[in-house]
Every structure is written in C-alpha cells, then in structure tokens.
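**Q** Can you read through this structure? Questions will come right after.
The values are calculated or read from the model by the stated rules, or taken from the named source; none is laboratory data. Predicted model, so just to flag it, every value in this text is computed and none were measured. Glycine gets a Cβ as well: all are built from the backbone with ideal geometry, and neighbour counts include every protein chain shown. Areas reflect the complete protein model, heavy atoms only, side chains present, ligands, DNA and RNA absent. Shrake-Rupley method; radii C 1.70, N 1.55, O 1.52, S 1.80 Å.
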Amino acid sequence: MSGTGKYADRNEYPLPAVVLLDLNLPQVPGFDVLKWMRNHPDFLATPVVVFSSSVREGDRVRATELGANEFVAKPSSGMRFGEVVEGLRQKWLAAYHSQD
C-alpha cells in the first residue's frame with residue numbers, strides 16, 4: 001500500500017477506492033494499519049471500512065477514533081455475508097464511481 005519498490009508505479013498499482021480492513025491480520029494488527037493509513041498523505045481521503053468479527057464496542061470506538069469511516073461486524077452466516085458485502089460495495093464503490 002505504501003507504493004514503494006516494485007509497487008511504486010501508481011498507474012500499474014493504483015490506490016484503492018475503498019479499503020475493507022480486518023482487525024485481526026496475520027502480521028500487523030488492523031488498528032496499526034488504520035493508524036498508518038490516516039497518517040499517510042495518499043490515504044487521508046480513502047474510505048476505510050473495518051470489517052471485523054469483533055463485536056466489542058471498544059473496538060468500534062477505537063476504529064472510529066483512528067479514522068475508520070464505518071465499522072461492520074462480519075456476519076456468521078455465509079448468505080448474510082454476501083448481502084453485507086454487496087451493501088458495502090453499493091455504498092462505497094457507487095460513491096467512488098460517481099466521482100469519475
């Protein structure tokens with residue numbers, strides 16, 4: 001995401017229109033990624049949706065304080081998961097494409 005090394009060419013590796021961010025990432029905690037994004041000039045305006053299995057209010061509050069645009073708890077049902085993802089796609093990508 002930092003656009004360094006082989007990913008420096010933003011024509012080939014453009015910035016994302018929206019980021020779905022899990023809090024439980026394998027190498028770096030999601031909160032650290034969110035903090036980094038909100039301190040990086042390329043990502044100040046990028047919508048970030050925390051999409052997490054956490055239902056803790058403290059996680060929701062912290063994500064909001066760090067600059068997440070939305071916090072969505074992952075549903076346990078596969079059918080509901082698809083509905084939630086489609087709703088996010090319509091909300092965030094429709095807004096992005098209307099700017100073109």
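**Q** The conditions are (1) surrounded by 18 or more Cβ atoms within 10 Å (Cβ to Cβ); (2) modelled with pLDDT of 90 or more; (3) among the aromatic types (Phe, Trp, Tyr), and TRP36 fails exactly one of them. Which is it?
**A** Only one criterion in (1) surrounded by 18 or more Cβ atoms within 10 Å (Cβ to Cβ); (2) modelled with pLDDT of 90 or more; (3) among the aromatic types (Phe, Trp, Tyr) is unmet by TRP36, namely (1).
**Q** Taking region 72-86 only, how many residues are within 27 Å of SER2 (Cα to Cα) and either modelled with pLDDT of 95 or more or open to solvent by 70 Å² or more (accessible area, probe 1.4 Å) (or both)?
**A** In the first step, residues of region 72-86 are kept if they are within 27 Å of SER2 (Cα to Cα); the result is 72-74, 85.
Filter once more, so that each one left must be either modelled with pLDDT of 95 or more or open to solvent by 70 Å² or more (accessible area, probe 1.4 Å) (or both): 74.
Summing the residues that are within 27 Å of SER2 (Cα to Cα) and either modelled with pLDDT of 95 or more or open to solvent by 70 Å² or more (accessible area, probe 1.4 Å) (or both) in region 72-86 gives 1.
**Q** Of all residues in region 10-33, which are closer than 20 Å to VAL72 by Cα and open to solvent by 80 Å² or more (accessible area, probe 1.4 Å)? Spell out how you get there, then give the answer.
**A** Step one: list which residues in region 10-33 are closer than 20 Å to VAL72 by Cα, which gives 16-26, 28-33.
Listed by number, the residues that qualify are LEU20, ASN24, PRO26.
**Q** Going by the conditions given, is MET1 closer than 22 Å to LYS91 by Cα and out of contact with any Cys (no Cβ under 7 Å at 6 or more places or on another chain)?
**A** Against the criterion (closer than 22 Å to LYS91 by Cα and out of contact with any Cys (no Cβ under 7 Å at 6 or more places or on another chain)), MET1 does not qualify.
**Q** Tell me, which residue of region 46-58 that is open to solvent by 20 Å² or more (accessible area, probe 1.4 Å) and not hydrophobic (A, V, I, L, M, F, W, C) is farthest from ASN24 (Cα to Cα)?
**A** So in region 46-58, the residues open to solvent by 20 Å² or more (accessible area, probe 1.4 Å) come out as 47, 53, 55-58.
From what is left, the residues that are not hydrophobic (A, V, I, L, M, F, W, C) are 47, 53, 56-58.
Numbers: PRO47: 19, SER53: 9, ARG56: 13, GLU57: 16, GLY58: 15 Å.
Looking at the filtered set, the residue picked out is PRO47.
**Q** For region 59-71: of the residues being over 14 Å from the mean Cα position of the chain (by Cα) and free of Cβ contacts under 8 Å to residues at least 12 places away in the same chain, which is least open to solvent (accessible area, probe 1.4 Å)?
**A** For region 59-71, the residue satisfying everything is VAL61.
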